[in-house]
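Chemist: Could you have a look at this structure, given as structure tokens, before my questions?
The values are calculated or read from the model by the stated rules, or taken from the named source; none is laboratory data. In this text the structure is predicted, and so the values were computed from the model without any measurement. Counting neighbours? That spans all protein chains shown, and the Cβs are built from the backbone with ideal geometry, glycine included. What goes into the accessible areas is simple: the full protein's heavy atoms, side chains included, and nothing from ligands, DNA or RNA. Shrake-Rupley method; radii C 1.70, N 1.55, O 1.52, S 1.80 Å.
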Amino acid sequence: MRRAKQTKGATVSYVESEIASQPACWRKAAETAASKPAGLPAAGERVAVIGCGTSLFMAQAYAALRERAGQGETDAFAASEFPAGRRYDRVVALTRSGTTTEVVAALTTVDSKTATVAITADPNTPIVQAAQDIVLLDFADEQSVVQTRFATSALIMLRAHLGEDIAPLIDQATDAVSASLPAGLAERTQFTFLGSGWSVGIANEAALKLREASRSWAESYPAMEFRHGPISIADERSVIWIFGAPPAGLTDDLRPTDALIVASALDPAAELIRTQRLAVALATARGLDPDTPRNLSRSVILS
């Protein structure tokens, strides 16, 4: 098992160190956006954003944020499901490793008249040849298989490019790194994450982190959809974690289930940090290595 370093006699996983470094990475991500890197979407462009796994969920969040900001129609796709025949002004690819087979393959199907840009952590990978422009976030690269800081840094960089003020988010991230987790989580065995609008992608990512790192039973839904069937699984063993303000009436419907309800005033990206920490805590409590999840590798490269 891989480990990062010894801290006062305790072994710290790579992913723990990477989670804790997110406030500093977000600051650098905002600086990257301020440098106006070539290739990022211009206002009014019709844009597709592609990725796999965690990158797909960041794509979902960004797509919703860009449309909310009035910047233009924006779709998010799993790279393997990218509709090659559909017209876009620009395709944005998110890939930490720069080697993911489906992402590289999807870019090869893009019409030559369509601009392409890849946001990656490694400039010496196939994605550099596949995309017209590269935005490099090498400061956010990771050693853990479980992706945390690269994904959030990419989203923060894109949010800064949309014109958002990132400084308050960095402060919130700093709080999220050290704040106590809600009491009673360790006794629960089923976790559901809910979001609305752009935070649906964040909820999807939170559930993935728990599945990857701790093998937990974790699900995610748009908050209003949860009442249309999935609420039937909620009971005294459940945690319902809501990103952003809960829709009117939802918490009233959840209370009779006896699930533990978690909600905070933090920006969903900052709140995601707390769920990353939960995933690591659950993995550690179960004797699992959060850096090397079962059946996973750092990049999916298909033969």
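Chemist: For segment 15-57, name all the residues that are part of a loop (DSSP other than H, G, I, E, B), aliphatic (A, V, I, L, M) and open to solvent by less than 30 Å² (accessible area, probe 1.4 Å).
Modeler: Leu40
Chemist: Quick check on segment 146-164: of everything there that is under 10 Å from the mean Cα position of the chain (by Cα) and not polar (S, T, N, Q), which residue is farthest from Gly72 (Cα to Cα)?
Modeler: Arg149
Chemist: Here is a further query. Does Leu169 count as out of contact with any Cys (no Cβ under 8 Å at 6 or more places or on another chain) and under 23 Å from Ser144 (Cβ atoms)?
Modeler: Criteria met by Leu169.
Chemist: Within the set of pairs 6 or more residues apart or between chains, which connect a residue that is farther than 13 Å from Thr275 by Cα inside segment 164-189 to a residue that is open to solvent by 80 Å² or more (accessible area, probe 1.4 Å) with Cβ atoms less than 7 Å apart?
Modeler: Listed by first residue and then by second, the contacts come to Ile170/Arg27; Arg188/Arg237; Thr189/Trp217; Thr189/Arg237.
Chemist: Using the structure shown, decide if Glu236 is acidic (Asp, Glu) and not in a helix (DSSP H, G or I).
Modeler: It is true that Glu236 is acidic (Asp, Glu) and not in a helix (DSSP H, G or I).
Chemist: While we're looking at this one, here's another question. For segment 180-207, which positions are open to solvent by 40 Å² or more (accessible area, probe 1.4 Å) and part of a loop (DSSP other than H, G, I, E, B)?
Modeler: Ser180, Leu181, Ala183, Arg188, Thr189, Ser196, Gly197
Chemist: Which is open to solvent by 50 Å² or more (accessible area, probe 1.4 Å), of a type in the set (A, V, I, L, M, F, W, C) and within 20 Å of Pro41 (Cβ to Cβ), of Leu162, Leu136, Leu94?
Modeler: Exactly one residue qualifies, and that residue is Leu136.
Chemist: Can you tell me which residues in segment 208-233 are touching a residue at least 40 places away in the same chain (Cβ under 8 Å), among the polar types (S, T, N, Q) and not in a loop (DSSP other than H, G, I, E, B)?
Modeler: Scanning segment 208-233 gives a single hit, Ser214.
Chemist: Pull up segment 58-84, narrow it to residues that are open to solvent by 40 Å² or more (accessible area, probe 1.4 Å) and of a type in the set (A, V, I, L, M, F, W, C), then point me to the one that is nearest to Ala118 (Cα to Cα).
Modeler: Ala84
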